[in-house]
Amino acid sequence: MQQVAIVKYNAGNIQSVSYALNRLGIEPIVTNDPEILYKADKIIFPGVGDAGTAMPYLRERHLDEVLVSLKQPFLGICFGMQLMCKHSEEGDVDCLGIFDVNVKRFPAGMEKIPHMGWNTIFDLKGTLLKDINPESYVYFVHSYYAEMNPHSTATCNYVLDYSAGIEKDNFFAFQFHPEKSGDVGAKILKNFIEL
């Protein structure tokens, strides 16, 4: 049985990811212990939080160094994806820098911020999106977005086009919540577990 570790830090939403994995027959371990993280078969970095407080928390515990050095499949979800980027306008903070892309706040405009609810993803490519239909609906809750970049694996449009997915080496990330995205999200998580 493979060991899936969920990174424990000062962010919410860890429980819903655990439940989604339970539905796939996985009993994850929630931890911030570097030794356990290094030994795990898969890592999930979820979260709902604030970059201005999360990054200092990760740095104080040297988790920033641990996370970027991991070699096994690593999945960032929502806020987790944003922290994997280079810099966030939220708190004007440098993040983990796994993806060379900036996180920006949606411009004030006609749409409601945060972007919350079901929306479609398109221009799908990448390992975890195989067998996912283009224009599939997935669930979003966020006020910040990662810019489009050469590693984007999915696009969403809300006010503007932005990265709904990014993939580079062993690192994968989605702005939407697979654990709250019904059958489509379950399939994406299953693709990750089966890597």
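No value in this document is a laboratory result; all are computed from the given coordinates. A quick note: this is a predicted structure, and the numbers were derived from the prediction, not measured. Cβ: placed from backbone, ideal geometry, glycine included. Neighbour counts: every protein chain shown.
Here r is the Cβ-Cβ distance between His62 and Glu27 and R0 is 30 Å; the resulting FRET efficiency, rounded to 0.05, is 0.65. Build a GNM of the chain with springs between Cα atoms under 10 Å apart, and of Met55, Met84, Met116 the one that fluctuates most is Met116. Is any residue of region 167-184 close enough, with backbone N under 18 Å, to a label point placed 7 angstrom from the Cα of Lys71 along the Cα-Cβ axis, and if so, which? Of the residues in region 167-184, 168-172 have backbone N under 18 Å from the label point off Lys71. Annotation: extensible slack from Asn157 through Lys190 equals 9.4 nm (criterion: 0.36 nm per residue apart, minus Cα-Cα distance).
Here region 39-71 is scanned for amide nitrogen atoms under 12 Å from the site 7 Å beyond the Cα of Gln15 along Cα-to-Cβ, giving none. Sequence-ordered 3J(HN,Hα) estimates for region 152-166 from the Karplus curve with 6.51, -1.76 and 1.60 and θ = phi - 60° stand at 4, 10, 7, 10, 10, 10, 8, 6, 8, 6, 9, 6, 8, x, 9 Hz, glycine and proline given as x. Rounded to the nearest Hz, the phi-derived 3J(HN,Hα) couplings of region 36-48 under the Karplus curve 6.51 cos²θ - 1.76 cosθ + 1.60 (θ = phi - 60°) are 5, 4, 5, 8, 5, 6, 9, 10, 10, 10, x, x, 9, where x marks glycine and proline.
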